[in-house]
Amino acid sequence: MRLLRRLSIRWRITIGSLAIALLLSAVAVVAFRAQVEHILRTTTTTLLHHDAAPYVTEIQTASGTIDDPGTGQLVAVVNPAGKVVVSSLPDRLESRLPQLTALTGDAHTIVANDDTYRVFTRTVPSATGDWHVVSARNQDSAILSLDRITEALVTVALLLVSGFGVASWLLTSAALRPVNRMRQQAEALVAEGSTEPLPIGPATDELSALATTLNEFISEVRQSVDRERQLVSDASHELRTPLAILRTQLELAHLSTGDAQALEAEITSAQHSVARLSALATGLLELSQIEAKTPEGVSTWDELAAEVAASADRARLLAAPKGVTVDFDVAGEPTDAVYRIAVANFGRIVGNLTSNAIAAVPNGGSVRIALRHAVSTLILTVVDSGPGMPDDFLPVAFDRFSRPDDARAKRDGGSGLGLAIVHAIVARAHGEITLANGAGFTVTVSLPTIA
């Protein structure tokens, strides 16, 4: 088996095909020989019965005369006294007549002096006792013919197996030729640094399915690499400014060592910069984990409803310094529906949306969270009384580090990753998210149930 594993697919298929063909050919040869042998035996037995029939009739009719056997017939008739009345048996068989007359049943195979005979004995009752009619047929010619037939069958079978092996080799080579072309094309694309997909042939077969699957895999890998490159690019761009600010703040703190009040102010500013860097790093880590496509959990309606209530309580603590009112509403009867999202990730959605809303609304504003379910969809809505987003910003609101220039500006200290994280979680759950300006700002998340 280890040797076979080291061979190419072409050789393995060819050897396997040869083994199967050889086995089937051997079975066919044995079966055909057995059938021919059975036919020959049946024919010989019928002839033996025909040879003995005239003598049986003469004995039964008590005609008093028993004719001599015809040319080529091997027949012997023995009377009740054990005397041979007529016989054309060869000496080697005639000398064994006492043994042959004792045979019963159908024909028997007798070997005498290297010759093989089929012998049939018929016992005929009469008024004077039991007569015996013995008929025989030499089987040497039949055996020779059977051996010649077997040799011919073996020769033909070997030729067929050889032809089958060659055909298997050629067919396998032809079947693998598109795979080799696909491999060569892939090597060429890699060598050229091309981003083109593998070509798919016109036939709808396993190879085109393989090419399609490989193209999907290559596309996923390229998207993953692009995401990593984008993440590194975005992170380096976003980290550059706060790091430069932090360095400046630390240098100013060093220069303010003689002024306690100025030193405290610079240290406080540096702490804010560190907090912003920490939030940025945490957001990037969360986004990377979500986009890694690790297995997602599932949640029930009751679990998600409880998470909304808990998220609202946490949002109230965040909103208290601004006097923002946070309300929530869970509508609809309990359901057995299950959703393709972990409770923790659903909490991230609610938490990010409510924190964004609280940061955007003015002091004394309001944020309302609503959860309801339709026949096959869960709908989460977060509405705030803030100024909303510029209409030209909505198409890019889910991009990393994107921030509007007006209402929700950088003054809120956000990293620009909140909506990107929410969008990634919703996409993983096969849901949809929409943004809309109106009487305030509305975010709607729809999550389908698991069928």
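The values are calculated or read from the model by the stated rules, or taken from the named source; none is laboratory data. The structure displayed is predicted, hence computed values, not measured ones. With ideal geometry, Cβ positions are generated from the backbone for all residues, glycine too; neighbour counts draw on all protein chains shown. To get the accessible areas, we keep the full protein, side chains included, count just its heavy atoms, and leave off ligands, DNA and RNA. Shrake-Rupley method; radii C 1.70, N 1.55, O 1.52, S 1.80 Å.
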Test Ser173 against the stated conditions and say whether it is open to solvent by less than 90 Å² (accessible area, probe 1.4 Å), touching a Lys or Arg at 6+ places or on another chain (Cβ under 9 Å), within 22 Å of Ile9 (Cβ to Cβ) and at pLDDT 70 or above.
-> yes
Somewhere in segment 313-324, is a residue of a type outside the set (D, E, K, R), open to solvent by 50 Å² or more (accessible area, probe 1.4 Å) and under 35 Å from the mean Cα position of the chain (by Cα)?
-> no
When you go through Ile59, Ile13 one by one, which is the residue that is in contact with a strand residue (DSSP E or B) (Cβ under 8 Å, 6 or more places away or on another chain), part of a helix (DSSP H, G or I) and touching a residue at least 24 places away in the same chain (Cβ under 8 Å)?
-> Ile59
Kindly provide the set of residues from segment 41-56 that are out of contact with any Ser or Thr (no Cβ under 8 Å at 6 or more places or on another chain) and aliphatic (A, V, I, L, M), ordered by number.
-> Leu47, Ala53, Val56
Would segment 336-346 turn up any residue that is in a helix (DSSP H, G or I), closer than 15 Å to Val443 by Cβ and open to solvent by less than 30 Å² (accessible area, probe 1.4 Å)?
-> yes
Taking only pairs six or more apart or across chains, which ones have beta-carbon atoms under 8 Å, a first residue in segment 104-126 that is farther than 18 Å from His50 by Cβ and without any contact (Cβ under 8 Å) to a residue 24 or more places away in the chain, and a second residue that is among the charged types (D, E, K, R) and open to solvent by less than 90 Å² (accessible area, probe 1.4 Å)?
-> Ala112/Arg92; Ala112/Arg96; Asn113/Arg92
Yes/no for Asn356 being surrounded by 13 or more Cβ atoms within 10 Å (Cβ to Cβ) and out of contact with any strand residue (DSSP E or B) (no Cβ under 9 Å at 6 or more places or on another chain) = no
Scanning segment 325-335 for residues that are under 46 Å from the mean Cα position of the chain (by Cα) and either in contact (Cβ under 8 Å) with a residue 12 or more places away in the chain or within 14 Å of Asn363 (Cβ to Cβ) (or both) gives Asp329, Val330, Ala331, Gly332, Pro334, Thr335
What about Ala76, is it in a loop (DSSP other than H, G, I, E, B) and farther than 17 Å from Thr44 by Cβ?
-> no
Given (1) in contact with a strand residue (DSSP E or B) (Cβ under 8 Å, 6 or more places away or on another chain); (2) in a helix (DSSP H, G or I); (3) loosely packed, with under 15 Cβ neighbours inside 10 Å, where does Ala52 come up short, assuming only one miss?
-> (3)
Quickly run through segment 343-375 and pick out the residues that are modelled with pLDDT of 90 or more and under 19 Å from Val298 (Cβ atoms).
-> Val343, Phe346, Gly347, Ile349, Val350, Leu371
(1) in a helix (DSSP H, G or I); (2) at pLDDT 90 or above; (3) open to solvent by less than 90 Å² (accessible area, probe 1.4 Å): which one isn't true of His38, the others all being true?
-> (3)
Looking at segment 173-188, is at least one residue out of contact with any helix residue (DSSP H, G or I) (no Cβ under 7 Å at 6 or more places or on another chain) and more than 30 Å from Arg222 (Cβ to Cβ)?
-> yes
Hits in segment 22-35 (condition: closer than 23 Å to Arg148 by Cβ, of a type in the set (A, V, I, L, M) and either open to solvent by 80 Å² or more (accessible area, probe 1.4 Å) or outside any helix (DSSP H, G or I) (or both)) = Leu22, Leu24, Val27, Val30
For residues that are closer than 26 Å to Pro321 by Cβ and of a type in the set (Ser, Thr, Tyr), scanning just segment 336-368, find the one that is farthest from the chain's Cα centre (by Cα).
-> Ser366
